[in-house]
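The values are calculated or read from the model by the stated rules, or taken from the named source; none is laboratory data. Quick caveat, the model's predicted, so the values are computed rather than measured. All Cβ positions, glycine included, derive from the backbone under ideal geometry; neighbour counts span all protein chains shown. What goes into the accessible areas is simple: the full protein's heavy atoms, side chains included, and nothing from ligands, DNA or RNA. Shrake-Rupley method; radii C 1.70, N 1.55, O 1.52, S 1.80 Å.
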Amino acid sequence: MTEEIRNGYEQVDWQKHYDDNDLAWDLGEAANPFVRLWEDKVLKPGTLIVPGCGQGHEVIFFAERGFQVTGVDYTSGAVGLLRKTLKDKKLNANILHQDFFSLDVAHDRTYDNLLEQTFFCAIHPDQRPAYVETVSRILKPGGLLFGLFYETGEGGGPPFNTTEADVQNHFAAAFDIERLEKCSFSSEKRRDKEWLAVMRKK
Ligand SMILES: C[S@@+](CC[C@H](N)C(=O)[O-])C[C@H]1O[C@@H](n2cnc3c(N)ncnc32)[C@H](O)[C@@H]1O
């Protein structure tokens, strides 16, 4: 096992993926389950934050549909790509080029919605309690976390395997888990490997 896998990635490791244009996780469009939740009016307009947003297909999709979107990523590679797309499309969204875990108190109880996709599995499992602490802090009471949690079924990472029990164990204290099911409309390469969660901040 390499040092990288034992410890997880650091900022420089993610940046290298952008430098090398090696974005194997990138779907090239907003993830279909989020689009469906919006079509079904489960995901309703308001403030929305996307941690570890990458080049931000969800940021773009929801900004185009009237949401007040904030995308957070700590690599200049991701932020640069997202800024360019927003400019080209003449769209507004708030881009935070920083570590998600260091969002300051100005963000507390700010967001109606949060989208999780391939960020929870990107961080080291040791950071999962900090993830829950941060998302709980920045969502409004009653705010919703829409998550696609990636069950790779493999050791090491990133991506780090996430099971149904992991989701329950980490989130149940701070969230009412309204929906947690194997997603039946994932992208082809994640078929049968994603847990779709809708969780409401207590
Ligand atoms: C696997 S990629 C997923 C990107 C995007 N969610 C997607 O599905 O296309 C993980 C992203 O999280 C970002 N990231 C990892 N740790 C971060 C942190 N602590 N704060 C902010 N961004 C982070 C990386 O720079 C990378 O863009």
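Could you count how many residues in region 21-39 are touching a residue at least 60 places away in the same chain (Cβ under 8 Å) and either under 22 Å from Leu139 (Cβ atoms) or within 11 Å of the ligand (Cβ to nearest atom) (or both)?
7
Can you tell me which residue within region 107-129, out of those that are near the ligand (Cβ under 9 Å from one of its atoms) and in a strand (DSSP E or B), is most open to solvent (accessible area, probe 1.4 Å)?
Gln117
When the residues of region 139-182 are narrowed to those that are in contact with a Ser or Thr (Cβ under 7 Å, 6 or more places away or on another chain) and within 13 Å of the ligand (Cβ to nearest atom), which ends up least open to solvent (accessible area, probe 1.4 Å)?
Phe149
For Thr152, are the conditions met, namely being among the β-branched types (Val, Ile, Thr), in a loop (DSSP other than H, G, I, E, B) and more than 14 Å from Glu116 (Cα to Cα)?
When the stated conditions are applied, Thr152 passes them.
Quick one: count up the residues across region 82-106 that are within 13 Å of the ligand (Cβ to nearest atom), open to solvent by 50 Å² or more (accessible area, probe 1.4 Å) and more than 17 Å from the chain's Cα centre (by Cα).
Count: 0.
Just wondering, is there one or more residues in region 40-60 that are over 13 Å from the mean Cα position of the chain (by Cα), part of a helix (DSSP H, G or I), within 7 Å of the ligand (Cβ to nearest atom) and touching a residue at least 12 places away in the same chain (Cβ under 8 Å)?
no
Do we have Asp13 as assigned to a loop (DSSP other than H, G, I, E, B) and not basic (Lys, Arg) here?
Spelling it out, it is not the case that Asp13 is assigned to a loop (DSSP other than H, G, I, E, B) and not basic (Lys, Arg).
Give region 61-81 a look and list any residue that's assigned to a loop (DSSP other than H, G, I, E, B) and within 12 Å of the ligand (Cβ to nearest atom), or say none.
Asp73, Tyr74, Thr75
Being under 14 Å from Cys183 (Cβ atoms) and assigned to a helix (DSSP H, G or I) is the filter here, so list the residues in region 16-39 that pass it.
Result: Asn32, Pro33, Phe34, Val35, Arg36, Leu37.
How do the pairs read when you match residues in region 188-202 that are touching a residue at least 40 places away in the same chain (Cβ under 8 Å) with residues anywhere that are in a helix (DSSP H, G or I), using Cβ under 7 Å and keeping only pairs 6 or more apart or on different chains?
Between residues of region 188-202 that are touching a residue at least 40 places away in the same chain (Cβ under 8 Å) and residues that are in a helix (DSSP H, G or I), the close pairs are Trp195/Glu164; Trp195/Val167; Leu196/Pro33; Ala197/Val167; Met199/Phe171; Lys201/Ser136.
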